[in-house]
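The values are calculated or read from the model by the stated rules, or taken from the named source; none is laboratory data. Predicted model only: the values in this text are computed from it and were never measured. For neighbour counting, all protein chains shown are included, and Cβ atoms are generated from backbone atoms with ideal geometry for every residue, glycine included. The accessibility values were calculated without ligands, DNA or RNA, using every heavy atom of the protein model including side chains. Shrake-Rupley method; radii C 1.70, N 1.55, O 1.52, S 1.80 Å.
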Amino acid sequence: MIVGGWRPAEVVDVVDASSHARVLRVRVTDWPGNDAGQHIDIRLTAEDGYQAERSYSVGSYGAGDIIELAVDEVPDGEVSPYLVRDVAVGDQLEVKGPLGGYFVWRAGGVVPVQLIAGGSGIVPLRAIARAMSDAGVAASGRLLYFVRTPEDAIYRDELTRDAEAGGVPVTWAYTRGAPDGWQGRVGRLDDSGIAAASWRPDDEPLVFVCGPTRFVEHVADTLVRLGHPASSIRTERFGGA
Ligand SMILES: Cc1cc2nc3c(=O)[nH]c(=O)nc-3n(C[C@H](O)[C@H](O)[C@H](O)COP(=O)(O)OP(=O)(O)OC[C@H]3O[C@@H](n4cnc5c(N)ncnc54)[C@H](O)[C@@H]3O)c2cc1C
């Protein structure tokens, strides 16, 4: 029985995504399916009854009772270290959702689409990129992904492979350290760097920006300065700096 919107869920797969992030696949009882970009709440209950709830984006979309999450560990955090280090196949969780109807893209929706992620902000944008590929409009998508170093990127191999196979093209932005042979700059991208990796305002893209709060605010301010109307920019903030 589903009580108060919380559904029982079981971890069915865990894969390291970086030294501090993991992809979790979770089977959710009676999952109704989700749109690309939506999130869930997870509730953990300790043996003494203490409960903690946090939000996590869904990296997968559509029907089926197994959803994909990707969690980046926040040092000193309460929930993310548990999900990244301790949770194991067979563990039980509780999940509420799918949640959110604004930060979503559906087949037949507006194109072109600009996706801009910082760190774990890639998760809902991964789902949108998947949905665009499945809808046959990947060429109308562009993804700009900010990571500290290549090793910090979640979905690194998948994004590269998909882009090479005709999926949404990816531009990498490295803020601390780049791969060997990297010709571009390392550090925060300035206005011209963001403009060069993005659809122009004249193309009238719908823009999705996701990541830590200060990252999202910086990118959204830049986009407005470049001429994108604020009404075309959708943001999702993950907390933290
Ligand atoms: C809609 C939504 C979707 C989200 N999706 C994801 C996702 O797909 N993957 C994911 O890894 N996280 C996601 N988050 C963030 C997630 O909900 C938690 O905030 C994060 O995992 C930290 O939880 P915690 O219990 O470990 O840290 P807490 O104990 O809550 O916080 C510890 C300290 O870390 C700071 N902090 C909190 N969150 C962050 C952060 N993201 N970065 C840096 N510092 C932070 C806090 O300010 C606090 O000082 C999402 C958040 C929202 C609102």
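Of note:
- Some residue of the range 19-35 being modelled with pLDDT under 95, within 15 Å of the ligand (Cβ to nearest atom) and surrounded by fewer than 16 Cβ atoms within 10 Å (Cβ to Cβ): yes
- Selection of first residues in the range 154-183 that are at positive phi and in contact (Cβ under 8 Å) with a residue 12 or more places away in the chain and of second residues that are in a strand (DSSP E or B) and of a type in the set (A, V, I, L, M, F, W, C), restricted to Cβ pairs under 9 Å at least 6 apart or on distinct chains, gives the following pairs, ordered by first then second residue: Y155/A17; Y155/V23; Y155/A70.
- Of residues in the range 209-233 being within 19 Å of the chain's Cα centre (by Cα) and more than 16 Å from V113 (Cα to Cα), the one most open to solvent (accessible area, probe 1.4 Å): R214
- Of the residues screened, E68 is not one that is open to solvent by 50 Å² or more (accessible area, probe 1.4 Å), part of a strand (DSSP E or B), within 11 Å of the ligand (Cβ to nearest atom) and in contact with a strand residue (DSSP E or B) (Cβ under 9 Å, 6 or more places away or on another chain).
- Any hit, the range 110-126, residues being buried (at least 19 other Cβ atoms within 10 Å of the Cβ), more than 19 Å from the chain's Cα centre (by Cα) and assigned to a strand (DSSP E or B): no
- Filter pass, V74 being surrounded by fewer than 22 Cβ atoms within 10 Å (Cβ to Cβ) and in contact with a Leu (Cβ under 9 Å, 6 or more places away or on another chain): no
- Odd one out for D76 among (1) within 9 Å of the ligand (Cβ to nearest atom); (2) within 20 Å of the chain's Cα centre (by Cα): (2)
- From the list Y56, Y61, Y82, the one residue that fits, being within 13 Å of the ligand (Cβ to nearest atom), open to solvent by 50 Å² or more (accessible area, probe 1.4 Å) and not assigned by the TED database to the domain that holds L206, is Y82.
- Any hit, the range 148-170, residues being open to solvent by 20 Å² or more (accessible area, probe 1.4 Å) and among the aromatic types (F, W, Y): no
- Listed by position, the strands (runs of 3 or more DSSP E) contained in the range 134-241 that have at least 1 residues being within 22 Å of S55 (Cβ to Cβ) and not small (G, A, S) are 141-147, 206-211, 233-237.
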